[in-house]
Amino acid sequence: MTPTITAFEKSPDRGRGLARDMRVRWALEEVGLPYDVRLVSFQEMKQPAHLALHPFGQIPTYQEGELALFESGAILLHVAERHAGLLPEDADARARAIAWMFAALSTMEPPIVEFGMSRLFEREKPWFEQRQPMLEDRVRTRLGQLSARLGDADWLDGAFSAGDLLMVTVLRRLDGSGLVEEFPNLAAYVARGEARPAYRRAFDAQLAVFQTGQGNSRR
Ligand code: GTB
């Protein structure tokens, strides 16, 4: 059964692969699972039909037969558990890879999103200049800790896993801030992720939506 995911009809990032459908596309490419994409407008996402799939009216969603999922992390875990290539076979290594998935989403992503949202939407606020260094430092602290753990390894725990996939997509949210570049091993880590053929295919597919306005099938 070919899964269908949802993505923005018009992504605000203009095809830079920063929206969360990118991580799902990348995961599906890594495991070699063809997928269909249904594009949704901001209005459609708030309508009952989409809210039945996603209670918060967002993308991405994932439908496969009778199964409907939301939350990019849950979608990734589902894909990774059912297809080889994103989680190790060894039970302990698998548990650690899943821990990195959670670390990406619940430890790294929140301060990164908060920092990014502030730069996007709070520039005109009188307290913006005062608040930014604090938000930046919170991100820098986490990047420093992640950098120390990664050291000179290629991936966070042995072979590339869904934990790395999520971590790279989360770090990409800092694109243009210069923060990741303060930690050369993290910059190289992100570049390694972006160089994977599956990443390239996923990136090109989401860029094509922005360039042509057409949904796509990866069959
Ligand atoms: N926790 C959920 C998940 O991981 O799936 C979060 C889903 C989410 O935030 N979806 C966003 C959305 O649908 C798109 S990814 N927003 C519309 C809404 O809430 O009404 C967030 C995002 C959007 C745009 C950019 N960008 O343009 O750079 C980057 C990230």
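Here is a check on your reading of the model: is S147 more than 16 Å from the chain's Cα centre (by Cα) and within 16 Å of L166 (Cα to Cα)? Against the criterion (more than 16 Å from the chain's Cα centre (by Cα) and within 16 Å of L166 (Cα to Cα)), S147 qualifies.
For the range 106-123, which positions are under 20 Å from D13 (Cα atoms), part of a helix (DSSP H, G or I) and not basic (K, R)?
So the first thing to find is which residues in the range 106-123 are under 20 Å from D13 (Cα atoms), and the list is 109-123.
So of that shortlist, the ones also part of a helix (DSSP H, G or I) come out as 109-121.
Residues satisfying the conditions are E109, P110, P111, I112, V113, E114, F115, G116, M117, S118, L120, F121.
Per-residue answers, yes or no, for (1) open to solvent by 20 Å² or more (accessible area, probe 1.4 Å); (2) modelled with pLDDT of 95 or more:
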| position | (1), (2) |
| --- | --- |
| P34 | yes, yes |
| Q63 | yes, yes |
| A80 | no, yes |
| G85 | yes, yes |
| A95 | yes, yes |
| M101 | no, yes |
| R119 | yes, no |
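Here Q145 does not fit the description of being more than 21 Å from L76 (Cβ to Cβ) and touching a strand residue (DSSP E or B) at 6+ places or on another chain (Cβ under 9 Å).
From the list F210, F128, pick out the single residue that is of a type in the set (A, V, I, L, M, F, W, C), more than 20 Å from the chain's Cα centre (by Cα) and more than 25 Å from D90 (Cα to Cα).
Details: F210 fails: more than 20 Å from the chain's Cα centre (by Cα).
Result: F128 is the single residue among F210, F128 that is of a type in the set (A, V, I, L, M, F, W, C), more than 20 Å from the chain's Cα centre (by Cα) and more than 25 Å from D90 (Cα to Cα).
With the structure loaded, tell me whether R173 is in contact with a Gly (Cβ under 8 Å, 6 or more places away or on another chain) and in contact (Cβ under 8 Å) with a residue 24 or more places away in the chain or whether it fails that test.
Working: in contact with a Gly (Cβ under 8 Å, 6 or more places away or on another chain): yes; in contact (Cβ under 8 Å) with a residue 24 or more places away in the chain: yes.
Yes.
For the range 75-93, enumerate the residues that are of a type in the set (D, E) and either part of a loop (DSSP other than H, G, I, E, B) or within 17 Å of the chain's Cα centre (by Cα) (or both). Steps first, please.
Going residue by residue through the range 75-93, those that are of a type in the set (D, E) are 81, 89-90, 92.
Across the range 75-93, the qualifying residues are E89, D90.
Every condition in (1) over 24 Å from R173 (Cα atoms); (2) at pLDDT 95 or above holds for M1 except the one numbered (2). Selection of the range 194-207 for residues being in contact (Cβ under 8 Å) with a residue 12 or more places away in the chain and hydrophobic (A, V, I, L, M, F, W, C) yields A198, A202, F203, A205, L207.
The values are calculated or read from the model by the stated rules, or taken from the named source; none is laboratory data. Keep in mind that what you see is a predicted model, and the values were worked out from it rather than measured. Because the Cβ atoms are built from the backbone with ideal geometry, glycine has one as well, and the counts that use them run over all protein chains shown. For the accessible areas, the whole protein counts, side chains as well, though only heavy atoms, and no ligand, DNA or RNA atoms are used. Shrake-Rupley method; radii C 1.70, N 1.55, O 1.52, S 1.80 Å.
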